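The values are calculated or read from the model by the stated rules, or taken from the named source; none is laboratory data. A quick note: this is a predicted structure, and the numbers were derived from the prediction, not measured. All Cβ positions, even for glycine, are placed from backbone atoms using ideal geometry, and neighbour counts span all protein chains on display. Each accessible area value is taken on the protein alone, full model and side chains, heavy atoms only, with ligands, DNA and RNA left out. Shrake-Rupley method; radii C 1.70, N 1.55, O 1.52, S 1.80 Å.
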Amino acid sequence: QTRLTLALAGLVVVALLLLGVTSYWQAKGALADSVDETAYALADHYALQTKSFTDEAVLRLEDLASIQRMRESEDNAALIASLAETDKRLKLFEMLSYVRPDGSSLRMDGKADFLGDRPYFKKVLETKKSYVSDMIVSRATGKLSVVIAVPVFNKDGGLKGVLAGTMSLDKVNELLKKVKFKESGYAFLADDKGVILAHPKRPELAGKLSMVQKDVNPELKLASNTLDDRMIQLFKTAMEKNDGVRGEYTFVDGVTRMAVYQPINLAGGQRWMLMITAPLDEATAEVRQLTYIMLGLSVFCLL
């Protein structure tokens, strides 16, 4: 009887262990996949939202560039009036300017300026296509901004000028503030050089932290003077693949995080990078809870 009891007990214990371990790993994998799918879905959604936001700005300026008064008029007053009317109607831009091929420009407030040295102006002259600039500090507002630049053609198809709309990155930041991932997760945005453009949780990082440079700007006075190599590699991999990438890293605040990096292709060949991130402890909370439940049930059943 003792031998039989021990043999049966051994079989029951082994069967319960196999069942528990198998169930645990399957459930753990399903939960981890669910978290990753949520992060990818959020990254795709807000990358599309960001792209749509910039695409709308490009389309609005292209519409303005196509009107007859903009394509044919040499009257400065008429050009300024068109810019002012568009700004009042759209409320997308901090400043609108009409730039002639020699670089001289008229602003919507009536002031003259020279923008011939700006890279976005040279790019549009070269390609004759719309372009989203690198991050700049706006001369008009002093804010971190990007410039949407579109060509203006005359009736014969020749380049007559360039329309430039300065768009504050505060508007993009407001869009990113809507992102909710786990308890304290968030999204932030960088350009194709890795420089952070908008960060709703740490706005002081915008324009001062590059995600492809190992050394951190000392002006930021952060807890760490260097970036995690994993963070740098994730950015480079996502850019090379031009597709979403998932990974883990330790941020400059010392918190280990999981993140999904999603590239955004913009007008003129520019690319931005959207990151959806949350502390790893929050992302794996359901898995830990499952571990405790499965261990408790296993011990109970074995007893």
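Out of the residues in segment 135-174 that are open to solvent by 60 Å² or more (accessible area, probe 1.4 Å) and part of a loop (DSSP other than H, G, I, E, B), state the one that is modelled with the highest pLDDT. Among those that are open to solvent by 60 Å² or more (accessible area, probe 1.4 Å) and part of a loop (DSSP other than H, G, I, E, B), it is K143. When you check A77 against the structure, is it in a helix (DSSP H, G or I), surrounded by 14 or more Cβ atoms within 10 Å (Cβ to Cβ) and of a type in the set (G, A, S), yes or no? Considered against the rule, which asks whether it is in a helix (DSSP H, G or I), surrounded by 14 or more Cβ atoms within 10 Å (Cβ to Cβ) and of a type in the set (G, A, S), A77 comes out as no. Would it be correct to say that S105 is of a type in the set (G, A, S), at pLDDT 80 or above and buried (at least 18 other Cβ atoms within 10 Å of the Cβ)? Yes: the conditions hold for S105. Residues in segment 80-105 that are touching a residue at least 24 places away in the same chain (Cβ under 8 Å), in contact with a strand residue (DSSP E or B) (Cβ under 7 Å, 6 or more places away or on another chain) and closer than 26 Å to F53 by Cβ: L83, T86, L92, F93, E94, M95, L96, S97, Y98, V99, S105.
Which one is modelled with the lowest pLDDT, of the residues in segment 196-217 that are of a type in the set (S, T, N, Q) and open to solvent by less than 50 Å² (accessible area, probe 1.4 Å)? So, considering only residues that are of a type in the set (S, T, N, Q) and open to solvent by less than 50 Å² (accessible area, probe 1.4 Å), the one modelled with the lowest pLDDT is N217. Residues that are over 15 Å from Y249 (Cα atoms) and of a type in the set (A, V, I, L, M, F, W, C) within segment 189-222 comprise L189, A190, V195, I196, L197, A198, L205, A206, L209, V216, L220, L222, listed in sequence order. Of the strands (runs of 3 or more DSSP E) lying entirely inside segment 204-303, those containing at least 3 residues that are without any contact (Cβ under 8 Å) to a residue 40 or more places away in the chain span 245-250.
Here L163 meets each of (1) closer than 30 Å to D75 by Cα; (2) touching a Gly at 6+ places or on another chain (Cβ under 9 Å) with one exception, condition (2). All conditions in (1) modelled with pLDDT of 90 or more; (2) closer than 26 Å to V35 by Cα hold for M294, with the sole exception of (1). Checking every residue in segment 88-96 against the condition of being at pLDDT 90 or above, open to solvent by less than 40 Å² (accessible area, probe 1.4 Å), of a type outside the set (S, T, Y) and in contact with a helix residue (DSSP H, G or I) (Cβ under 7 Å, 6 or more places away or on another chain) gives at least one match. Checked against the criterion of being open to solvent by 70 Å² or more (accessible area, probe 1.4 Å), among the aliphatic types (A, V, I, L, M) and either touching a Lys or Arg at 6+ places or on another chain (Cβ under 7 Å) or at pLDDT below 95 (or both), the candidates L42, L64, L31, L59 yield just one match: L59.
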